[in-house]
Amino acid sequence: MPKAYLIDMDGVLIRGNTVIPGAVEFIERLQATGAPFMVLTNNSRSTPRDHHARLEAMGLDIPADRIFTSALATGYFLNQQRPRGSAYVIGEAGLTTALHDIGYELTEHHPDYVVLGETTSYSFETIATAIRLVKGGARFIATNPDVVGPSEQGEVPACGAVAAMIAAATDVEAYFVGKPNPLMMRSALRRLGAHSENTVMIGDRMDTDIAAGVESGLETILVLSGVTRREDVDRYPYKPDRIVDSVADITPDT
């Protein structure tokens, strides 16, 4: 059996609205060898179908069923913990669709969970409601710990920063489902039907992608086309199995 691949999206396959050179050919090599793969993203705003459409418009054809988001991982987790429960959700279509699909009721009336995702329009009113509900006993879940995200104007506050605000106001820390939580990796592996001992994690960040891969028992490859620089690697107590410039330098094992 060929090795399976879990591949981070931003910084590995794309950078902003541009495909990283060699990414198209790398995906074609995976498909040609029959290697199972799943593209991962902590971005919970969009559904896999939306991500597919965006990538396709950029010239990168990734089937929607090969895209796994932190919103889907959150849905998997909640369905295991409290099937057909209820949640107050701060987020966009990617997150609300994932929770609807597992039969969750989205409500602000005594929900089982407050679920915080990413949105381009965090409002004082929704954050205040979340604080009130968490103080009232709702469990606090967040899709990912990223504190900033990219925008056309530069970096903007992201899920982790808003979670810190709610935690400061309630004295309740969020449980983050997305990377580097190995839970997201195991959920993606189950969906792919792959095993950790035969799977490679490819990412551009030591603190999320590589950390999640190491903690999940995966082979890890750091690409230098995104956030982490080669000189940064030695600062971490763990290291990737390989470091390459980009996915253009990776040949799938057969």
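FYI, it's all coordinate maths here, none of it is from the lab. The shown structure was predicted, so the numbers you read here are calculated from the model rather than taken from an experiment. Using ideal geometry, Cβ is built from the backbone for each residue, glycine included, and neighbour counts are taken over all protein chains shown.
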For the range 164-215, which positions are in contact (Cβ under 8 Å) with a residue 40 or more places away in the chain, out of contact with any helix residue (DSSP H, G or I) (no Cβ under 9 Å at 6 or more places or on another chain) and surrounded by fewer than 21 Cβ atoms within 10 Å (Cβ to Cβ)?
G193, N198
Could we say that G178 is under 14 Å from the mean Cα position of the chain (by Cα) and either part of a strand (DSSP E or B) or within 18 Å of A35 (Cβ to Cβ) (or both) here?
no
Based on what the data block shows, is I62 surrounded by 20 or more Cβ atoms within 10 Å (Cβ to Cβ) and assigned to a loop (DSSP other than H, G, I, E, B)?
yes
Checked F26, F37 against criteria (buried (at least 21 other Cβ atoms within 10 Å of the Cβ), over 23 Å from R190 (Cβ atoms) and either touching a residue at least 12 places away in the same chain (Cβ under 8 Å) or among the aromatic types (F, W, Y) (or both)); the one match is F26
All but one of (1) on the phi > 0 side of the Ramachandran plot; (2) not in a loop (DSSP other than H, G, I, E, B) hold for V39, so report the exception by its number.
(1)
